[in-house]
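Laboratory data are not the source of any read-out in this text; all were calculated from the coordinates shown. Owing to the predicted nature of the structure, the values given are computational and were not obtained by experimental measurement. Here the Cβ positions follow ideal geometry from the backbone for every residue, glycine too, while neighbour counts run over all protein chains shown.
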Amino acid sequence: MKAGKEGKSRDPSALKLPGYDAAKPHLEAAALSQSLDPALVIAVAAAESAFNEKAISRKGALGLMQVMPATAERYGVAARSSSGGEHAVMEPKVNAQVGSRYLADLLRMFDGDKELALAAYNAGEGAVIKYGRQIPPYPETQQYVAKVMRIYRTLVR
């Protein structure tokens, strides 16, 4: 292990989170399939679920990348898996694919601006458009964008 600087203790350590090793191949493959930087997709998953593939938010977002069921359905993912149990988007590979595809679409919608795409991932593209293609003035969204970008920057160093 490398010795870190004392002031770095507050930096996110996405690579040390439980679940990272299992999630990484799915996130990287999904990112590459959408021509995205894998570090950005990994940063989103770290911020969204801390790599917990079973995560379910209070608003109903599911899995590694906290995909809303309506978003999964927009991309053709059935509400239930073939076994009839949990939503199909809870499968880590499917979740990474849907989340990456949505992120890629948002990046195209906002001309490659990572911060606006992340704000839209969190608050919805309508909110970003409503506020003049700016990060909406929602504390949760502003903190989310800052957190993902902080994790992203640590991964691309």
Output for the range 23-52, where each listed residue is surrounded by fewer than 20 Cβ atoms within 10 Å (Cβ to Cβ) and in contact with a Pro (Cβ under 7 Å, 6 or more places away or on another chain): 28, 32
Would you pick out the residues in the range 122-141 that are in contact with a helix residue (DSSP H, G or I) (Cβ under 8 Å, 6 or more places away or on another chain) and either over 24 Å from residue 62 (Cβ atoms) or assigned to a loop (DSSP other than H, G, I, E, B) (or both)? 133, 134, 135, 136, 138
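Scan the range 99-121 residue by residue and report those that are among the aromatic types (Phe, Trp, Tyr) and in contact (Cβ under 8 Å) with a residue 24 or more places away in the chain. Please lay out each step first, then the result.
Taking the range 99-121 and keeping what is among the aromatic types (Phe, Trp, Tyr), we get 102, 110, 121.
Listed by number, the residues that qualify are 102, 121.
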Within the set of pairs 6+ apart or on separate chains, which have a first residue in the range 129-155 that is touching a residue at least 60 places away in the same chain (Cβ under 8 Å), a second that is buried (at least 20 other Cβ atoms within 10 Å of the Cβ) and assigned to a loop (DSSP other than H, G, I, E, B), and C-beta atoms under 6 Å apart? none
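Residues 70, 79, 146, 119: which one is aliphatic (A, V, I, L, M), at negative phi and surrounded by 15 or more Cβ atoms within 10 Å (Cβ to Cβ)? I'd like the intermediate steps shown before the answer.
Numbers: 70 fails: surrounded by 15 or more Cβ atoms within 10 Å (Cβ to Cβ); 79 fails: surrounded by 15 or more Cβ atoms within 10 Å (Cβ to Cβ); 146 fails: surrounded by 15 or more Cβ atoms within 10 Å (Cβ to Cβ).
From the options 70, 79, 146, 119, the qualifying one is 119.
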